[in-house]
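The structure appears below as structure tokens.
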Amino acid sequence: MSLIQPTPPLPPADLPALLAGLRRALPGIAARAPARDADGAFPAEDVAALREAGFLAAPLPPALGGQGLGTSPEGAAALCTALRLIGRASLPLGRLWEGHVNALRLIMAHGDSAQRQEAARDARAGRLFAVWNTGAPGEPPLGIEHRGERIRLTGRKILCSGAGSVERALVTGIATPGEPTRLVLLPLAPGERADLSGWTAQGMRASASGAIDVTGLELPAAALIGPPGAYESQPDFAAGAWRFAAVQTGGIEALAAALRAHLHRLGRGGDAIQAARLGEVAMQAETARLWVEAAAPRAEAGDAGESAIAFTGLARTAVERAAMEALALTERAIGLQAFLRPHEAERIARDLSTYLRQPGPDRALGGAAAHVLAAAAEPGDLWD
Ligand SMILES: Cc1cc2nc3c(=O)[nH]c(=O)nc-3n(C[C@H](O)[C@H](O)[C@H](O)COP(=O)(O)OP(=O)(O)OC[C@H]3O[C@@H](n4cnc5c(N)ncnc54)[C@H](O)[C@@H]3O)c2cc1C
């Protein structure tokens, strides 16, 4: 059973208007992306543009001033389009907004009424949220010690997108040995506890995915969101992978656009082999889009279950494959220029290759295969 439940339908005009506002903001975001491609960078201006277009509040349920993007099944299609379009303009910004959506979704699903209201107020006020789950290999998990009405945290998270800029971060930690993880909502001031020195990645530099050390941080116990295991609860945990695949799809589309512009510039588009490459890249972009648009309603449905997890496993694998194919074709089509700054394809390819690395790809495909193996229906009828 999915954690998100149907909400009253939105007025039909709202979502198209919201997406139209986003489309107006995208050229500016895309134009700023090359300048943000630097160690330690964070796209503050672009986050402000998203806020201006209503996209920091849009993930909230309508009752709390949002449009249900990520918190209602009715918002699935618009969420998918928004993730793809933002990823197309800037993959690092797409990563940051995807984290914002995920955090609000978790708080809306697991928080109590006061926690939901407060998070909604913060999102409407333009505060950026994130989910930071990844621990450093070899280090103990983040510890949560109860001290009466307060909790005290110990430990570190790595690969925290938006470290130093995110003001509300959901982190996972262990309160009692052997118990599933708990979620803690951290209020953070700009720069607080952030260390970006380890974020030396080839791409996605502007995602500012640094480390956060929370050792010694004390918070009211009300910072704990939901029961133990809330973060990993299924199907949301695994099926939520469609969202990063949607952002990646935007990256494939940006790569296709960069290749097309290159062929126009050099007058090489009429060459039969180059035309075939462009056609194949366009096909890969469309393949990815069809997969994520099929996964979104399944994963966001109120009655989503095992089948949605398996379908998402296939979708994220298909998108990864489409992206890797598009990357190889673009390199061959453009040649050395694809490796030289400031060619647009150079930056997009670095960002996309880096962002393709998401947790447990083999497990996702293996899980989908196990679902197909155990099913009684014909493989061609499995997903109806
Ligand atoms: C740009 C960017 C931003 C990020 N931001 C955040 C963030 O804000 N918050 C956050 O929590 N995390 C973040 N992450 C981390 C992300 O969620 C993943 O943890 C990370 O990308 C994992 O990548 P990996 O390739 O090391 O995955 P892995 O899961 O380690 O996969 C690597 C390979 O090992 C295989 N493998 C996995 N497990 C096993 C096993 N047990 N045995 C054998 N093989 C195995 C996989 O199938 C794959 O082939 C970010 C990552 C990126 C790239």
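The values are calculated or read from the model by the stated rules, or taken from the named source; none is laboratory data. The structure displayed is predicted, hence computed values, not measured ones. Here the Cβ is made from the backbone with ideal geometry for all residues, glycine too, and neighbour counts use every protein chain on show. In case anyone asks, the SASA skips ligands and DNA or RNA and just uses the protein heavy atoms, side chains included. Shrake-Rupley method; radii C 1.70, N 1.55, O 1.52, S 1.80 Å.
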Practice problem: Taking the options L259, L188, name whichever one is without any contact (Cβ under 8 Å) to a residue 40 or more places away in the chain and surrounded by 21 or more Cβ atoms within 10 Å (Cβ to Cβ). | Solution: L188
Exercise. Output the qualifying pairs, or none if there are none: Cβ atoms under 7 angstrom, residues six or more apart or on different chains, first residue in the stretch 57-78 and surrounded by 20 or more Cβ atoms within 10 Å (Cβ to Cβ), second residue of a type outside the set (G, A, S) and assigned to a strand (DSSP E or B).
Key: A58/L69; P59/L69; G75/L69; A78/L69
Quiz item: Would you call D351 in a helix (DSSP H, G or I), open to solvent by 30 Å² or more (accessible area, probe 1.4 Å) and either β-branched (V, I, T) or within 16 Å of the ligand (Cβ to nearest atom) (or both)?
Solution: no
Practice problem: Please tell me if A364 is closer than 30 Å to C160 by Cα and surrounded by 15 or more Cβ atoms within 10 Å (Cβ to Cβ). | Solution: yes
Self-check item: Residue match in the stretch 351-374 (condition: among the acidic types (D, E) and within 18 Å of R277 (Cα to Cα))
Solution: no
Quiz item: Out of all the residues in the stretch 30-40, is one or more outside any loop (DSSP other than H, G, I, E, B) and within 16 Å of the ligand (Cβ to nearest atom)?
Solution: yes
Self-check item: Set L340, L329: member being more than 16 Å from the ligand (Cβ to nearest atom), surrounded by fewer than 15 Cβ atoms within 10 Å (Cβ to Cβ) and assigned by TED's automatic domain parsing to the domain that holds A285
Solution: L340
Quiz item: Restricting the stretch 354-379 to residues that are outside any helix (DSSP H, G or I) and within 15 Å of the ligand (Cβ to nearest atom), which is nearest to R265 (Cα to Cα)?
Solution: L356
Quiz item: Taking interchain pairs and intrachain pairs at least six residues apart, which have beta carbon atoms under 6 angstrom, with the first residue in the stretch 285-305 and open to solvent by 10 Å² or more (accessible area, probe 1.4 Å) and the second assigned to a loop (DSSP other than H, G, I, E, B)?
Solution: G302/S2; G302/Q5; G302/P6; G305/P235
Quiz item: If you go through the stretch 196-244 one residue at a time, how many are touching a Lys or Arg at 6+ places or on another chain (Cβ under 9 Å), open to solvent by 60 Å² or more (accessible area, probe 1.4 Å) and either under 13 Å from I158 (Cβ atoms) or within 13 Å of the ligand (Cβ to nearest atom) (or both)?
Solution: 2
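Conditions tested, residue by residue: (1) modelled with pLDDT under 95; (2) assigned by TED's automatic domain parsing to the domain that holds R289; (3) closer than 18 Å to R105 by Cα; (4) over 15 Å from the mean Cα position of the chain (by Cα).
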| residue | (1), (2), (3), (4) |
| --- | --- |
| Q5 | yes, no, yes, yes |
| Q67 | no, no, yes, yes |
| A78 | no, no, yes, no |
| A82 | no, no, yes, no |
| A89 | no, no, no, no |
Quiz item: What's the number of the condition R88 fails, among (1) open to solvent by less than 50 Å² (accessible area, probe 1.4 Å); (2) closer than 17 Å to T249 by Cβ?
Solution: (1)
Quiz item: Of the residues G251, G335, G279, G313, which is in a helix (DSSP H, G or I), farther than 17 Å from R88 by Cα and touching a residue at least 40 places away in the same chain (Cβ under 8 Å)?
Solution: G313
Self-check item: strands (runs of 3 or more DSSP E) (entirely within the stretch 149-188) containing at least 3 residues that are more than 12 Å from the ligand (Cβ to nearest atom) and closer than 22 Å to P220 by Cβ
Solution: 150-154, 182-187
Quiz item: What is the residue count in the stretch 93-142 for residues that are more than 14 Å from the ligand (Cβ to nearest atom), of a type in the set (K, R) and part of a helix (DSSP H, G or I)?
Solution: 4
